[in-house]
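Below: the structure, in C-alpha cells.
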Amino acid sequence: MADKQTSSIHGEWSSRWAFILAATGSAVGLGNIWKFPYITGENGGGAFVLVYLVCIAVIGIPIMMAEVMLGRRGRSTPINTMKRLAMEAGQSKLWSFLGWSGMIAGFLILSYYSVIAGWSLAYIFKSASGEFTGSSAETISTLFGDFLAQPFEISLWHSVFMLITMVVVARGVRHGLEKAVRFLMPALFVLLLIMVGYAMNSGAFSDGLRFLFSPDFSKITGPGILVAMGHAFFTLSLGMGAIMIYGSYLPQNTSIAQTTFWIAGADTVVALLAGMAIFPIVFANGLEPGSGPGLIFVTLPIAFGQMPGGLFFGTLFFILLLFAAWSSAISLIEPAVTWLVENRNMQRFKACVYAGLATWLLGMGTVLSFNQWAEIKIFGKTFFDNLDFLTSNIMLPLGGLCIAIFAGWLLPRLMSADELAMKSDSQYELWRFLVRYITPIGVAIVFLKAVGFI
Ligand code: TRP
C-alpha cells in the first residue's frame with residue numbers, strides 16, 4: 001500500500017470532534033426538521049417512522065461507515081477517490097461514475113434545498129416583526145399561502161441563502177466549514193427540547209405521540225416505504241459523496257464506527273424531537289398532518305404565536321434552522337467545488353461562483369413550482385416534487401447501493417479491515433455482512449416494491 005495517501009490536499013479536520021460536528025452539521029438540516037415531519041404526515045405516521053428507523057439502522061449506518069472509510073482511504077474528491085480505490089482494488093476506473101452522479105445529485109438537491117432554506121430566512125423576519133403573535137391558526141396558514149404565491153420574494157431569499165452558502169464554501173475547510181457549525185448544533189437541540197416542552201402542554205401531546213409511534217401498517221404503501229428509505233439516505237447525507245469527502249479530511253487514527261454512531265444517533269434524535277414538537281400542535285389546532293412541505297411553516301408559527309416569549313423563541317428557532325440548513329448546504333456543493341478545483345485547475349473562489357450560479361438558476365424552477373408553475377405537472381408531480389423524488393428516492397439509494405457493493409464486494413477485505421480498524425473481528429464481520437447482503441438486498445426490495453413488482 002505504498003501510495004496510500006494519509007491526508008487530503010484540501011486540508012484536514014483539526015480533530016475527531018471537528019469531524020463529528022461537521023458531519024452532524026451536514027446530516028442535521030432541513031431534512032430533519034422540515035422534511036421528516038411533512039413526509040411522515042403524508043405517509044400516515046407510525047408505520048412510516050418505523051420503516052425509516054429500520055432503514056437508518058440496517059442500511060444507513062453501514063453505508064455511512066463505508067462512505068467515510070472510502071473517503072479516508074482515497075483522500076480526494078469522490079470522483080478521484082473512486083478512481084484511485086478502484087485501481088488499487090484492480091477494478092475498472094469507471095467506478096468514478098459514482099463521484100459524478102453524487103456531484104450531480106448534490107447540485108440538484110441544493111437547488112431546491114436553498115429555496116426552502118430561504119423560507120426559513122424569511123420566517124426569521126416574520127417572527128421577529130411579531131407577525132405571528134396572537135394570530136389564529138387560520139391567519140397563519142393564509143400568511144404562508146400568500147408568501148408562497150408570489151415568486152419575487154421567495155427568489156430573493158433563495159438568492160440570499162445561495163450567496164451565504166457560497167461565501168462559507170469559498171473560505172475552505174478549516175476556516176469556513178468547521179467554524180460555522182461548532183456552536184449551532186447544540187443550540188438547535190436545546191431549542192427543540194423547549195418546543196417539545198411546549199407541545200406537552202398543547203393538549204394533544206398524546207395524539208401526536210400516538211401518530212408518530214404507534215404503527216398502523218395498513219397506512220403504509222410500497223411508494224411510502226421507498227420514501228422512508230430515500231429519507232434515510234437524505235437525512236444522513238448519504239449516497240452522493242458528501243460524507244465521503246468529509247471522511248477524506250478525517251485524521252487517520254479516528255474510529256469510524258464510533259463516529260458514525262454518534263452522527264446517526266444525533267440525527268435521528270433531532271428528527272424525532274421535531275416530530276414530537278410538531279404533531280401535537282397539528283392535532284391541537286385541527287390541522288392536516290398530510291398538508292405537505294408547508295407543515296412546519298404553519299404549525300410552529302402557531303405555537304410561537306401563542307406561547308409566552310414566542311417572539312423570541314420563534315425568531316431564535318428560525319435562525320437556528322437557517323444555520324442547520326446552511327451547514328448541510330455546504331456539504332451538498334463541496335464535491336462540485338473541490339472537483340472544479342482539482343480537475344479544472346480553478347481557484348476555489350472562481351469554482352464557487354460557477355457552481356453557485358448554476359445552482360441558483362436551477363433553484364428558480366423550484367421557486368416557480370410553488371406558484372406560477374404549480375399546475376405544470378410531469379408524472380403528476382410539480383418540478384420541485386420531481387426533483388426531490390429523483391434525488392432522494394432514486395439517485396441517493398442507487399449511489400448507496402453502489403457504495404455498498406464496492407466496499408463490500410470489490411474492495412479487498414484487508415483494506416476495509418485496515419481502514420475501519422474495528423474493536424473486534426465480530427464487529428467487522430457484522431458490518432461486512434450488512435454491506436454485502438442486507439443493504440443491497442434491502443435497497444433492491446424497496447425499489448421493486450415501490451414499482452409494484454412485489
Ligand atoms: N442531510 C441533510 C438534511 O437532512 C441534507 C443533506 C446535506 C444531504 N448533504 C447531503 C442529503 C448529501 C443528501 C446528500 O437536511
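Bear in mind that the values in this text are calculations on the coordinates, not laboratory data. Worth saying up front: this structure is predicted, and the values here are computed from it rather than measured. Cβ coordinates were reconstructed from backbone atoms using ideal geometry, including for glycine residues, and neighbour counts include every protein chain displayed.
Listed values for the range 366-382 are Karplus-derived 3J(HN,Hα) couplings in whole Hz (6.51 cos²θ - 1.76 cosθ + 1.60, θ = phi - 60°), namely 5, 3, 6, 5, 9, 9, 3, 9, 4, 8, 7, 10, 10, 6, x, 10, 6, and x replaces Gly and Pro. Each Lys and Arg contributes +1 and each Asp and Glu -1, all at the Cβ; summed about the Cα centre of the range 157-312, the dipole is approximately 400 debye. Here's the picture: charge each Lys and Arg Cβ at +1 and each Asp and Glu Cβ at -1 in the chain, and of M229, L300, L411 the one pushed furthest to the positive end of that dipole is L411.
When +1 charges are put on Lys and Arg Cβ atoms and -1 charges on Asp and Glu Cβ atoms, the dipole computed for the range 336-399 relative to its Cα centre reaches about 220 debye. Rounded to the nearest 20, the size of the Cβ-charge dipole of the chain about its Cα centre is 1160 debye, with Lys and Arg at +1 and Asp and Glu at -1.
For the range 16-450, the residue among V115, S92, G314 whose Cα projects farthest onto the positive side of the dipole built from Cβ charges is S92.
Reported value for the range 16-450: 131 Å³ per residue, from the convex hull of its C-alpha atoms. Just check the range 191-242 against the gyration tensor rule for me: Cα atoms, a ≥ b ≥ c as the square roots of the eigenvalues, rounded for a/c under 1.5, and otherwise prolate or oblate depending on whether a/b exceeds b/c. Oblate shape, in that a/c is at least 1.5 and b/c is the bigger or equal ratio.
In the structure shown, the pairs K35/K449; K35/K83; K219/K381 are assessed against 24 Å; a Cα-Cα span above that value is assigned to K35/K83.
Of all aspartates and glutamates in the structure, the ones whose alpha carbon falls short of 20 Å from that of K350, not counting any fewer than 8 places away in one chain, are E334, E342.
Look at the dipole of the chain built from charges on Cβ: of G400, L212, G145, the Cα furthest out on the positive end belongs to G400. Within the shell of other residues whose beta carbon sits under 15 angstrom from the beta carbon of A329, the net charge comes to +1, with Lys and Arg scored +1 and Asp and Glu -1. Estimated from helical segments only, the mean residue ellipticity of the chain at 222 nm is -22000 deg cm²/dmol, where each DSSP H run of four or more residues counts as -39500 (n - 2.57). Here each label is just a point 7 Å from Cα along the line to Cβ, and for A187 and S129 those points are 2.3 nm apart. For A199, the shell of other residues with beta-carbons less than 14 Å away shows a net charge of 0, using +1 for Lys and Arg and -1 for Asp and Glu. Compared with the dominant principal axis of the Cα atoms in the chain, helix 78-88 is inclined by about 30°.
Rounded to the nearest Hz, the phi-derived 3J(HN,Hα) couplings of the range 46-51 under the Karplus curve 6.51 cos²θ - 1.76 cosθ + 1.60 (θ = phi - 60°) are x, 5, 4, 4, 5, 4, where x marks glycine and proline. Computed from phi, the 3J(HN,Hα) profile of the range 338-346 under the Karplus parametrisation 6.51, -1.76, 1.60 (θ = phi - 60°) reads 4, 5, 4, 5, 6, 9, 10, 6, 8 Hz, with x in place of Gly and Pro.
Rounded to the nearest 10 degrees, the angle from helix 396-405 to the longest Cα principal axis of the chain is 30 degrees.
The label-point distance for K219 and E88, in a model that sets each label 7 Å from Cα toward Cβ, rounds to 4.6 nm. Seen against the Cα atoms of the chain and their longest principal axis, helix 222-235 is set at about 70 degrees. Between F97 and R344, residue separation times 0.36 nm minus the direct Cα-Cα distance comes to 87.2 nm. For a straight C-alpha distance cut-off of 20 angstrom, the aspartates and glutamates reachable from K377 (same-chain residues fewer than eight places away being disregarded) are E42, D385, D388.
Remark: spin-label model distance L390-L156 equals 3.0 nm, labels positioned 7 Å along the Cα→Cβ axis.
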